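Novice: Encoded as structure tokens, here's the structure I'll be asking about.
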Amino acid sequence: QTVVTQEPSFSVSPGGTVTLTCGLSAGSVYTTHYPSWYQQTPGQAPRTLIYNTNSRSSGVPDRFSGSILGNKAALTITGAQSDDECDYYCVVYLGSGSWVFGGGTKLTVL
Amino acid sequence: EVQLLESGGGSVQPGGSLRLSCAASGFTFSSSGMSWVRQAPGKGLEWVSSVSSNAAVTAYADSVEGRFTISRDNSKNMLFLQMNSLRAEDTAVYYCARRGGSSEFLNWGQGVLVTVSS
């Protein structure tokens with residue numbers, strides 16, 4: 001069974017830069033996995049941030065960017081703000097119409 | 001404006017059944033793949049099932065394979081999830097999601113709570 005790994009938690013200072021990663025237990029994340037990233041605040045539905053590795057969804061500020069770093073997908077937040085404090089999830093497409101989400105990263109801005 | 005509105009949630013005993021619905025508007029439903037994603041209380045997101053735009057292709061997570069059935073009615077812009085043989089571990093908020101052109105979950109509904117408990 002394929003497992004997608006994310007840091008359980010991360011901390012960043014206001015105005016700082018943080019990179020969250022998304023790995024695959026079975027090996028590397030490639031662009032052909034179409035990794036995407038979602039932001040979720042408590043009690044709310046997820047919000048799409050990044051899709052297709054590095055494309056920003058409509059209305060997402062350019063402080064958020066996606067990439068492949070080494071063998072993982074990555075979400076980088078620059079100029080972190082207090083509003084960025086929430087949960088972040090990545091998901092990868094495994095083919096045959098199936099996806100796997102990572103366990104999520106709880107980001108703290110302090 | 002894209003809207004996805006789930007309904008049909010509630011409380012059910014283990015072994016019971018529920019049918020979730022998702023009413024879609026604001027986009028060409030018949031051209032979009034659709035998915036269900038769930039989130040157990042205090043846990044992360046879990047992909048549950050997906051269906052292609054023309055309903056020809058469906059896929060399920062191992063955890064629900066054989067118990068859940070995804071379907072759609074393109075004439076009514078509706079997505080469904082028939083959930084049978086429900087277990088306590090199926091307790092979650094279920095989100096309806098529209099898929100984008102790059103396999104992303106582009107738009108999300110507000111979610112509906114399903115509670116399986118005796």
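The values are calculated or read from the model by the stated rules, or taken from the named source; none is laboratory data. All values derive from a computational prediction rather than experimental measurement. Heads up, the Cβs are rebuilt from the backbone with ideal geometry, glycines too, and the neighbour counts pull from every protein chain shown.
Novice: The conditions are (1) outside any loop (DSSP other than H, G, I, E, B); (2) of a type outside the set (A, V, I, L, M, F, W, C); (3) surrounded by fewer than 17 Cβ atoms within 10 Å (Cβ to Cβ), and residue A:44 fails exactly one of them. Which is it?
Specialist: Result: residue A:44 passes all but (1).
Novice: Pick from B:55, B:59, B:23: which is in a loop (DSSP other than H, G, I, E, B) and without any contact (Cβ under 8 Å) to a residue 60 or more places away in the chain?
Specialist: Going through B:55, B:59, B:23 in turn, just one is in a loop (DSSP other than H, G, I, E, B) and without any contact (Cβ under 8 Å) to a residue 60 or more places away in the chain: B:55.
Novice: For the condition at negative phi and touching a His at 6+ places or on another chain (Cβ under 9 Å), what is the one hit in A:45, A:80, A:73?
Specialist: Checking each option against the conditions leaves just A:73.
Novice: Now, a different point. Inspect all residues belonging to segment B:86-101 and state whether any of them is at pLDDT below 95, out of contact with any Asp or Glu (no Cβ under 7 Å at 6 or more places or on another chain), part of a loop (DSSP other than H, G, I, E, B) and within 16 Å of residue A:97 (Cβ to Cβ).
Specialist: So far as segment B:86-101 goes, yes, one or more of its residues are at pLDDT below 95, out of contact with any Asp or Glu (no Cβ under 7 Å at 6 or more places or on another chain), part of a loop (DSSP other than H, G, I, E, B) and within 16 Å of residue A:97 (Cβ to Cβ).
Novice: Between a first residue in segment A:7-33 that is surrounded by 13 or more Cβ atoms within 10 Å (Cβ to Cβ) and a second residue that is assigned to a helix (DSSP H, G or I), which pairs have beta carbons less than 7 Å apart while being 6 or more apart in sequence or on different chains?
Specialist: none
Novice: Taking the criterion of being more than 9 Å from chain B (Cβ to nearest Cβ), in a loop (DSSP other than H, G, I, E, B) and closer than 18 Å to residue A:9 by Cβ, would at least one residue in segment A:69-80 satisfy it? Before you say what the answer is, go through the steps one by one.
Specialist: So in segment A:69-80, the residues more than 9 Å from chain B (Cβ to nearest Cβ) come out as A:69-80.
With the extra rule that they be in a loop (DSSP other than H, G, I, E, B), the set shrinks to A:70-71, A:78-80.
The next check asks that each one be closer than 18 Å to residue A:9 by Cβ; those that pass are A:80.
Among the residues of segment A:69-80, at least one is more than 9 Å from chain B (Cβ to nearest Cβ), in a loop (DSSP other than H, G, I, E, B) and closer than 18 Å to residue A:9 by Cβ, which makes the answer yes.
Novice: Within the set of pairs 6+ apart or on separate chains, which have a first residue in segment A:69-87 that is touching a residue at least 40 places away in the same chain (Cβ under 8 Å), a second that is part of a helix (DSSP H, G or I), and C-beta atoms under 7 Å apart?
Specialist: Short answer, once both residue conditions are applied: A:77/A:84.
Novice: Separate question: When residue B:11 is evaluated against the numbered criteria (1) of a type outside the set (Lys, Arg); (2) assigned to a loop (DSSP other than H, G, I, E, B); (3) touching a residue at least 24 places away in the same chain (Cβ under 8 Å), which criterion, by number, is the only one it fails?
Specialist: (2)
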